[in-house]
C-alpha cells in the first residue's frame with residue numbers, strides 16, 4: 001500500500017491538517033490512515049480482522065489493539081486527513097496515448113452514481129441521511145448516495161461526493177462539474193440530460209455526449225446536412241443525433257432501440273466535419289455503453305447525407321449495429 005500512498009505523503013497530509021499525534025503512541029496517526037484505507041479494501045470484515053491483514057508479515061512485537069482502541073484511533077484521526085489525501089491523489093491516470101483514454105483530443109469521463117449504500121441505523125445517521133420512504137414504509141437503514149466523476153479509460157476517480165440519497169443524482173453531479181476541464185468529454189446516460197447540468201458542463205468549456213430520454217421531444221431549430229439537428233437546452237444551443245441501434249446477442253436474438261444523443265454545438269463544426277458526420281458520435285456512444293466483458297462491437301452508421309458505407313467486416317456474435325437518422329417529420333417536433 002505504501003507504493004501507492006507513500007509514507008511521506010501521509011505525513012505531509014497529517015501536518016497540513018494538524019492531526020499528527022502529540023505524544024508517542026502505539027497507534028500513531030500515520031498507522032490510522034493506512035488502517036482506514038485497509039477498511040475500504042475489506043469492507044465486509046470487522047476492525048480486528050482488518051488489522052490482522054494490515055500487519056500480516058510483521059513480527060510478533062506488533063501491537064494487537066482491541067476494538068475500542070481501533071475505534072478511538074479513527075475518532076482521533078477524523079475525516080480531514082482522508083479528505084485531503086483523496087484530493088491529492090484523485091485525478092486522471094491514463095496518458096493521452098493510452099488506448100481508450102482519449103477520443104481525439106478529449107479525455108473521456110463519466111458520472112457514476114450509487115444509491116444502494118447503507119449506513120448504520122444510528123440516531124446521528126438518521127438525522128443526516130433520513131430514511132427512504134417506500135410503499136411498505138421507511139427502510140430499516142439510512143441510505144447514502146455516492147456520486148463520482150471518473151475517467152472511462154482507467155476508471156480513475158477525478159472527484160467524488162456523497163450525502164443523503166433523497167437529494168438525487170443530478171444534485172451531486174452538479175457539485176462535480178467544477179472538476180471538468182476544457183480537454184474533457186463527458187459521457188452520460190439519460191439520467192443526466194438535465195438542461196441545468198449540461199449548461200454547467202458547457203460553461204466549464206468541456207464537451208458532452210449524453211443520451212437523452214425517449215420521452216423528450218427537443219424542438220428542431222435547424223437541420224444539418226448529416227441528418228442531425230440543432231435544438232435549444234435552456235440557454236444552450238446543442239446538437240441532437242438520433243440513431244437506431246441493434247444488438248445481436250450470442251444466442252441469435254436481436255434487440256433494437258432508438259437512441260437520442262445530445263452533444264455540444266461546437267463539436268461537429270470543429271472536429272466532426274471530416275469524420276463522417278454524426279456517425280462518429282454514434283460510434284463513440286456505442287463504444288462507451290458496450291459491456292466491457294463483450295468483444296468490441298462493430299458499428300455501421302449510415303447517415304442520410306453521408307456516403308454509403310462499405311460492407312462491414314465480420315464481427316463476433318454479439319455485434320450491435322447503429323444507423324443515424326434525420327428527424328422526421330420535423331413539423332411534429334417543433
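Things to note:
- In terms of other Cβ atoms within 10 Å, 217, 239, 131 run from fewest to most in the order 217, 131, 239.
- A Förster radius of 51 Å, combined with the Cβ-Cβ distance separating residue 223 from residue 56, puts the computed FRET efficiency at roughly 0.20.
- Distance between the modelled labels on residue 203 and residue 26, one decimal in nanometres: 5.4 nm (7 Å Cα→Cβ projection).
- Where labels lie 7 Å past Cα in the beta-carbon direction, separation of residue 86 and residue 124 in nm: 1.7 nm
- Of the residues 55, 245, the one with the fewest other Cβ atoms within 10 Å heads the list, and the complete ranking is 55, 245.
- Spatial separation of Cα centroids for the range 216-234 and the range 158-215, in angstrom: 21 Å
- Label-point separation in nm, residue 11 to residue 195, each point 7 Å along Cα→Cβ: 5.6 nm
Every read-out reported here was derived from the displayed coordinates using simple, explicitly stated rules and does not represent laboratory data. Everything quoted here is computed from the prediction, not taken from an experiment. Positions of Cβ are generated from backbone atoms using ideal geometry, with glycine treated the same way; all protein chains shown enter the neighbour counts.
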